[in-house]
Amino acid sequence: MSTRVSRSLSARRFAALAAVTGISLTLAACAGGSEPASVPSADGAPADLGAAAIQFGWLPNIENGAIIAAVEEGYYDDLGLDVEILPGGPEVAVDAQIVSGGALVGLMTTESLANSVLSGAPLVGVAAVYQYSSNAIVSLADSGIEEPMDLEGATIGLSANDRTTLPFLEWRGLDMDTITTVPVDGSPTPLASGEVDAIVSPIGNVPVVLAAQGIETSVIPVADHGHNRWSSILTVRQDSLEDPEKLAQIRAIIEGTLVGVEVLLEDPAAVGEITYEAYGEQLGLELETQVEGAVVWADLIERGRERSGGALLEVTESGIEETQSLFDNILVIDLDANDIFDLTVAEGIL
């Protein structure tokens, strides 16, 4: 079992970023036309940036382990920001929370952010944790389903809010008249029991849970077949970027999240333990699935970095081009992908 992550990693990281942090606040003030809300004290203590909330799309679990670790281990505190995690769920609209001011930052997917912007929400993404789609088509190992075209004639389990898988399969050329869909809630039971031939799930969820039960699966990452939907996009109100105090908080959230991501990559098991200790009893999480899932989610972050060619969390021009292709070919969204991202906010951090 891994030991708990030492705050020394955070200290090393922020020692390197200390100058950047000071410069960042100064630049934010210049951009906003006024002095920053607070500056580092003469003794080097972090500026008091106040408090801010991050809205999750779902209940806290290892998928957002980097942010959970950043809160629990004090990485945001090291920057002078008190961060509260707001759990999500089926009744929580992340975009509405951000727009209403209930959360400074919310975690959104590519299509949810795009649809919100098309509906008039004044939102923009400033960084993205997962730039390699976490979704996969999962079947039992002996199913013979090894690529999307093998789903012809299959029964597929889809969550109620999944609006992208069927357009993706149609784009791939599958005869949709042969497909039967069954609503599922994220549980692996329909797959394990044979109710469905395949289920669409984050790679770090159903495959990990079934592996813990000794059930082998076949996993087809949809990103490898042209459907690269990002998730955990750090999303804010556009006008928050014009407010020096909020801009400083947003930049601190990006910096603290970056440290959480680095910790996840360095020691996934430790972040799994942190997540379990913070939410296991409250939400019924299992230690084994959080620890093993951490390895999967860390791998997805690395794959995204390799794919985009940028730094961790960084939204690159090539990433935006791929997002545009997703809009044009699969989601059929009439939107310029450049309009939903601001590449300037994270400058000097990532």
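The values are calculated or read from the model by the stated rules, or taken from the named source; none is laboratory data. Small disclaimer: the values here were computed from a predicted structure and weren't measured. Cβ atoms come from the backbone with ideal geometry, glycine included; neighbour counts cover every protein chain shown.
Do we find a residue being modelled with pLDDT of 95 or more, part of a helix (DSSP H, G or I) and of a type in the set (S, T, N, Q) anywhere in region 270-286?
Looking through region 270-286, at least one residue is modelled with pLDDT of 95 or more, part of a helix (DSSP H, G or I) and of a type in the set (S, T, N, Q).
Mind checking which pairs have a first residue in region 273-292 that is closer than 15 Å to residue 205 by Cα and a second that is among the small types (Gly, Ala, Ser) and part of a helix (DSSP H, G or I), Cβ under 6 Å, 6 or more apart or different chains?
275/65; 288/212; 289/212; 290/272; 291/269; 291/272
Residues checked against (1) more than 18 Å from the chain's Cα centre (by Cα); (2) farther than 15 Å from residue 232 by Cα; (3) among the small types (Gly, Ala, Ser); (4) in a loop (DSSP other than H, G, I, E, B):
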residue	(1), (2), (3), (4)
297	no, no, no, no
304	no, no, yes, no
307	no, yes, no, no
311	no, yes, yes, yes
314	no, no, no, yes
323	no, no, no, no
333	yes, yes, no, yes
338	yes, yes, no, no
345	no, yes, no, yes
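Of all residues being over 18 Å from residue 165 (Cα atoms) and of a type in the set (Ser, Thr, Tyr) in region 198-242, which is surrounded by the most Cβ atoms within 10 Å (Cβ to Cβ)? Just the residue, please.
Once the filter is applied, the top-ranked residue is 235.
So, in region 216-250, exactly how many residues are farther than 20 Å from residue 199 by Cβ, outside any helix (DSSP H, G or I) and of a type in the set (Val, Ile, Thr)?
The total comes to 3.
Which one of these does residue 106 not meet: (1) of a type in the set (Gly, Ala, Ser); (2) touching a strand residue (DSSP E or B) at 6+ places or on another chain (Cβ under 9 Å); (3) free of Cβ contacts under 8 Å to residues at least 40 places away in the same chain?
Going through (1) of a type in the set (Gly, Ala, Ser); (2) touching a strand residue (DSSP E or B) at 6+ places or on another chain (Cβ under 9 Å); (3) free of Cβ contacts under 8 Å to residues at least 40 places away in the same chain one by one, residue 106 breaks only (3).
If residue 52 meets every condition in (1) outside any helix (DSSP H, G or I); (2) crowded, with 22+ Cβ neighbours inside 10 Å apart from one, which number is that one?
That leaves (2) as the condition not met.
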